[in-house]
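The values are calculated or read from the model by the stated rules, or taken from the named source; none is laboratory data. Treat the numbers as computed from the prediction; the structure is a model and nothing was measured. FYI the Cβ positions are ideal-geometry reconstructions off the backbone, even for glycines, and counts take in every protein chain you see. Note: accessible area is taken over every heavy atom of the protein model, side chains too, but ligands, DNA and RNA are not part of it. Shrake-Rupley method; radii C 1.70, N 1.55, O 1.52, S 1.80 Å.
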Amino acid sequence: MREISNRERKSSARRIAARIRGPPVLVVLCGPSHVGKSTFSKRLRKDFVIVSSDEVRRQLGVAFNSSGCEAKVWHAYEAAKRKALIEGRNVILDACHMSPQARWHALQGPNGHHRKICVVFDLPRRTVRERCIGANRMPVKEAERMWRVFQDSKPTAEELKRLGFDDVYFVRDRARSPSARCRR
């Protein structure tokens, strides 16, 4: 397990990209809305195909939590993931992956030759709330509800390794602490 502070996120994204040699990589981002998953993935876009649930929703013209449309969104998301994996590309799956089932499902598909990395975003409720208010993309109560659900199902490094991930990183908000450190 490696801990990555908010402040170190930009350089950490570059370090992850710099270490990519050999087999292609599948990176699964995990955490509630407004923790920085999309920002993190954009820092790696030069080296990765980003499969984003938000982008799929935009392309399909579907609003977040639109009833009856989630199956359509996830079908398109899975198709994009599968295509990139079959092509042997480095892939980032940019979605919440909050439940154990969602994380398991992210690993399914033609990725036998990919190194599998999970990046878990575990930020404080206060940070999620502030970012949600600033972004104005979803109701604050919904973002806080997602944060609480994530706290109840937050994976450990051991659980993720048993699931099939080769490497696990945790992004935590230690920017206010003078002793910010990275752990793997």
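Rounded if a/c is under 1.5, else prolate if a/b beats b/c, else oblate: with a ≥ b ≥ c from the C-alpha gyration tensor eigenvalues square-rooted, which is segment 70-184?
Numbers: a/c = 2.03, a/b = 1.33, b/c = 1.53.
Cα axes put segment 70-184 in the oblate bin.
Need one value: the accessible area of ASP47 in square angstrom, 1.4 angstrom probe, rounded to the nearest 10.
Here the residue's solvent-accessible area equals roughly 70 Å².
What's the local net charge at GLY112, with K and R +1, D and E -1, over the other residues with C-beta under 15 Å away?
Residues near GLY112 contribute +3 overall.
Tell me, in nm to one decimal, what length is gained between THR39 and GLU158 on full extension, where the rule is 0.36 nm per residue of separation less the Cα-Cα distance?
Numbers: separation 119, 0.36 × 119 = 42.84 nm, distance 2.61 nm.
Length gained between THR39 and GLU158: 40.2 nm.
If you take the beta carbon distance between VAL62 and HIS113 as r and set R0 to 30 Å, what does 1/(1 + (r/R0)^6) give as a FRET efficiency, to the nearest 0.05? It would help to have the intermediate numbers written out before the result.
On the way: r = 32 Å, r/R0 = 1.08.
Given R0 = 30 Å and the Cβ-Cβ separation, E is 0.40.
If Lys and Arg each add +1 and Asp and Glu each add -1, what is the summed charge of the other residues whose beta carbon sits under 14 Å from the beta carbon of LEU85? Numbers along the way, then the final one.
Working: positive: LYS81, ARG82, LYS83, ARG89, ARG115, LYS116; negative: GLU78, GLU87.
Neighbour charge sum, excluding LEU85 itself: +4.
Quick one: which of LYS83/LYS154; LYS81/LYS141; LYS42/LYS83; LYS72/LYS161 span more than 22 angstrom between C-alpha atoms? Could you put the intermediate results ahead of the total?
Working: LYS83/LYS154 29 Å; LYS81/LYS141 30 Å; LYS42/LYS83 20 Å; LYS72/LYS161 30 Å.
In this structure, LYS83/LYS154; LYS81/LYS141; LYS72/LYS161 lie more than 22 Å apart at Cα.
Viscosity 1.002 mPa s, temperature 20 °C: Stokes-Einstein D of segment 95-134 from its Kirkwood Cα radius, in µm² per second? Don't skip to the answer; put the middle values down first.
Working: Rh = 12.5 Å.
So the translational diffusion coefficient is about 172 µm²/s.
Which residues' amide hydrogens lie under 5 Å from the amide hydrogen of VAL49, considering only partners 5 or more residues apart or on another chain, with H built in the peptide plane?
For VAL49, the qualifying residues are ASN90, VAL91, ILE92.
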